[in-house]
1. Pull up the stretch 42-58, narrow it to residues that are open to solvent by less than 40 Å² (accessible area, probe 1.4 Å) and under 18 Å from THR16 (Cβ atoms), then point me to the one that is farthest from the chain's Cα centre (by Cα).
2. Scanning the stretch 1-41 for residues that are assigned to a loop (DSSP other than H, G, I, E, B) and among the small types (Gly, Ala, Ser), which turns out nearest to the chain's Cα centre (by Cα)?
3. Which condition number in (1) modelled with pLDDT of 95 or more; (2) surrounded by 10 or more Cβ atoms within 10 Å (Cβ to Cβ) is the one that GLY18 fails?
4. Tell me which residues, restricted to the stretch 13-37, are in contact with a helix residue (DSSP H, G or I) (Cβ under 8 Å, 6 or more places away or on another chain) and of a type in the set (A, V, I, L, M).
5. With the requirement that a residue be of a type in the set (Ser, Thr, Tyr) and modelled with pLDDT of 95 or more, what does the stretch 67-107 give you?
6. Within the set of pairs 6 or more residues apart or between chains, which connect a residue that is closer than 28 Å to ARG68 by Cβ inside the stretch 78-99 to a residue that is part of a loop (DSSP other than H, G, I, E, B) and at pLDDT 60 or above with Cβ atoms less than 6 Å apart?
7. Name the pairs whose Cβ atoms lie under 7 Å apart, with the first residue in the stretch 13-24 and touching a residue at least 24 places away in the same chain (Cβ under 8 Å) and small (Gly, Ala, Ser), the second open to solvent by less than 70 Å² (accessible area, probe 1.4 Å) and part of a strand (DSSP E or B), and 6 or more positions between them or separate chains?
8. Consider LEU29 against the criteria (1) farther than 18 Å from PRO87 by Cβ; (2) buried (at least 20 other Cβ atoms within 10 Å of the Cβ); (3) not β-branched (Val, Ile, Thr): it satisfies all of them except one. Which criterion is unmet?
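The values are calculated or read from the model by the stated rules, or taken from the named source; none is laboratory data. Everything numeric here is computed off the predicted structure, so don't read it as measured data. Positions of Cβ are generated from backbone atoms using ideal geometry, with glycine treated the same way; all protein chains shown enter the neighbour counts. Heads up: the accessible areas ignore ligands, DNA and RNA and are worked out on the full protein's heavy atoms, side chains in. Shrake-Rupley method; radii C 1.70, N 1.55, O 1.52, S 1.80 Å.
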Amino acid sequence: MSSVSVRIPTILRTYTGGESEVKAEGETLRAVVADLEANHSGISARILDDAGKIRRFVNVYVGDEDVRFAEGLDTPTPAGTQISIIPAVAGGCAPPPARRTPRARAEV
């Protein structure tokens, strides 16, 4: 089995005892997620949906590669690889507040 490092986002650290990075075992991302669940109960439900697919608003990278554009959960995870779990951030940039122009003063 290959050992990998998994970066855990703040929102999921309650499952890892506050740890920002944990070790996991597995030849594929699917196996790594299963190992995470075995060692950090409940975490996989935050990563995978009820159909067993990566949740829509969760991005997972194996190295620098987004697994959605690779082989998904079947993406290989060679020993020493760093895996990053990144929740998508919703929303956008609010428009700047309207500028108020100074009123012209009446001349006396």
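1. Filtering the stretch 42-58 for residues that are open to solvent by less than 40 Å² (accessible area, probe 1.4 Å) and under 18 Å from THR16 (Cβ atoms), the one farthest from the chain's Cα centre (by Cα) comes out as GLY42.
2. SER20
3. Failing condition for GLY18: (2).
4. The answer is VAL22, ALA24, LEU29, VAL33, ALA34, LEU36.
5. Scanning the stretch 67-107 gives THR75, THR77, THR81, SER84.
6. Listed pairs, sorted by first residue: PRO78/SER2; ALA79/SER2; THR81/GLY63; ILE85/PRO9; PRO87/PRO9; ALA88/PHE57.
7. Matching pairs, first to second residue: ALA24/VAL4; ALA24/VAL6.
8. (1)
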